[in-house]
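Below is one structure, written out as structure tokens, with a few remarks after it.
The values are calculated or read from the model by the stated rules, or taken from the named source; none is laboratory data. These numbers were taken from a predicted model, which means no experiment stands behind them. We place every Cβ from the backbone using ideal geometry, glycine too, and count neighbours over all the protein chains shown. These area figures cover heavy atoms from the full protein model, side chains too; ligands, DNA and RNA do not enter into them. Shrake-Rupley method; radii C 1.70, N 1.55, O 1.52, S 1.80 Å.
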Amino acid sequence: MFPHHREREQPLFSTRAHVFQIDPTTKRNWIPASKHAVTVSFFYDANRNAYRIISVGGTKAIINCSITPSMTFTKTSQKFGQWADSRANTVYGLGFATEQQLHQFSEKFKEVKDAARLAREKSQDKELANTALTIAAPQDLSDELQSPPVMCVNGPEDKLFRSQSADITLASEKERIKKMLSEGSICEINLETELFTLQDSNCKLVAALHEANANVEQWKKQLAAYQGETERLREQVAELEVHGGQGPSDLLKDELTQSLEELEALLKAKDEEIHILQSKKREYHEMEHERDQAILRLREMEMRSSELERRIQNTEQNLSNSLEERDRMDTEIQRAIEILDIKIFDLNDLRQSLVKLLDK
């Protein structure tokens, strides 16, 4: 399989990265597709005018993704990026060793995506031109084969007008359907990517919040112990000041004062850490709200996608009915042409008979 593709396709760019795929069950966690960094390459197929990303680990293909103009490569960190493949119903993630490698891969992805868009546009233009030539050729042939001059008044021109108007309507409907599908796919992929990013950040924030809560409880206990120790030291300092020379020496008093200042500074630092953790907790709630909003937007896009699919099915049914109606009209017109040919032939015979009678 791979040698055959290598003969037909030419490599454009290669790099090494750790490959991940999104968990198909949870759609949250990343599953490593390779134990070590593997080669990830862009290939161009000149026969099909198509681009692909291919990565092989051992004897199996880890990535075999055809690049479409609707795909978007998103940098989620300094050394990690991802993109969604709607055909394979998955999301690929790549972890690079350096930020420069990620930047090079991202730029190449944009370049190849633009090339794929241009290739698709050229292919669509070529298909439309071939369709127009296919429709026009039989019409011209039928015009040349019509011997009676009278038939040019009501027969072939009316048929040509009907065929051209129907073809223009069908071409406009096809363009509108392609545009609707493209817009729906792009929005759905962007929302899925945004949701996966938010879910990944959410998991990290949940873990950090749990760890922070555990640390807060421990720091509260330490804070209570430090406060008790501070109060005890303050009482000792007060007793030393009251009793004067009867207590410990001035050196011990200075040591106690210094210890008290250090404990107060430590208490202040712990208070600041608690405030930071509380602010992180608020950020976590904000991320949860954003995640809920993204889920709502995704559901709305799914509903819109379902509606678009339903409308596309109705449009395809209407197109099929229009094609059947056009074929039926063509058949009736052809039958009328044949009948008119017979009538004209009979009229010619009658005219010749009348001419012979007049000559006699």
Considering only residues that are open to solvent by 50 Å² or more (accessible area, probe 1.4 Å) and at pLDDT below 90, which ones fall in segment 13-25?
Pro24, Thr25
Could you grab the pairs with beta carbons closer than 6 Å, sequence gap of 6+ or different chains, first residue in segment 201-216 and within 17 Å of Arg291 (Cα to Cα), second one at pLDDT below 75 and not small (Gly, Ala, Ser)?
none
Any chance Arg351 is assigned to a helix (DSSP H, G or I), open to solvent by 70 Å² or more (accessible area, probe 1.4 Å) and closer than 29 Å to Ser172 by Cβ:
no
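Here is a yes/no grid of residues against (1) open to solvent by 90 Å² or more (accessible area, probe 1.4 Å); (2) in contact with a helix residue (DSSP H, G or I) (Cβ under 9 Å, 6 or more places away or on another chain):
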{"position": "Ile274", "(1), (2)": "no, yes"}
{"position": "Leu277", "(1), (2)": "no, yes"}
{"position": "Glu288", "(1), (2)": "no, yes"}
{"position": "Ala294", "(1), (2)": "no, yes"}
{"position": "Arg299", "(1), (2)": "yes, no"}
{"position": "Arg304", "(1), (2)": "yes, yes"}
{"position": "Ile312", "(1), (2)": "no, yes"}
{"position": "Gln317", "(1), (2)": "yes, no"}
{"position": "Glu325", "(1), (2)": "no, yes"}
Identify, please: which residue in segment 26-43 is open to solvent by 30 Å² or more (accessible area, probe 1.4 Å) and in contact with an Asp or Glu (Cβ under 8 Å, 6 or more places away or on another chain) and is, among those, nearest to Glu107 (Cα to Cα)?
Trp30
Answer yes if at least one residue in segment 330-338 is among the basic types (Lys, Arg) and within 21 Å of Ser172 (Cα to Cα), and no otherwise.
no
Read through the list (1) in a strand (DSSP E or B); (2) open to solvent by 40 Å² or more (accessible area, probe 1.4 Å), then give the number of the only condition that Gln104 fails.
(1)
When the residues of segment 224-249 are filtered to those that are at pLDDT below 80 and among the aliphatic types (A, V, I, L, M), which remaining residue is surrounded by the most Cβ atoms within 10 Å (Cβ to Cβ)?
Leu240
Condition first: under 16 Å from Ala33 (Cα atoms), open to solvent by 60 Å² or more (accessible area, probe 1.4 Å) and in a loop (DSSP other than H, G, I, E, B). Now tell me which residues in segment 44-93 satisfy that.
Gly58, Thr59, Asn89
Among residues of segment 15-43 being free of Cβ contacts under 8 Å to residues at least 40 places away in the same chain and farther than 17 Å from Phe96 by Cα, the residue nearest to the chain's Cα centre (by Cα) is Asp23
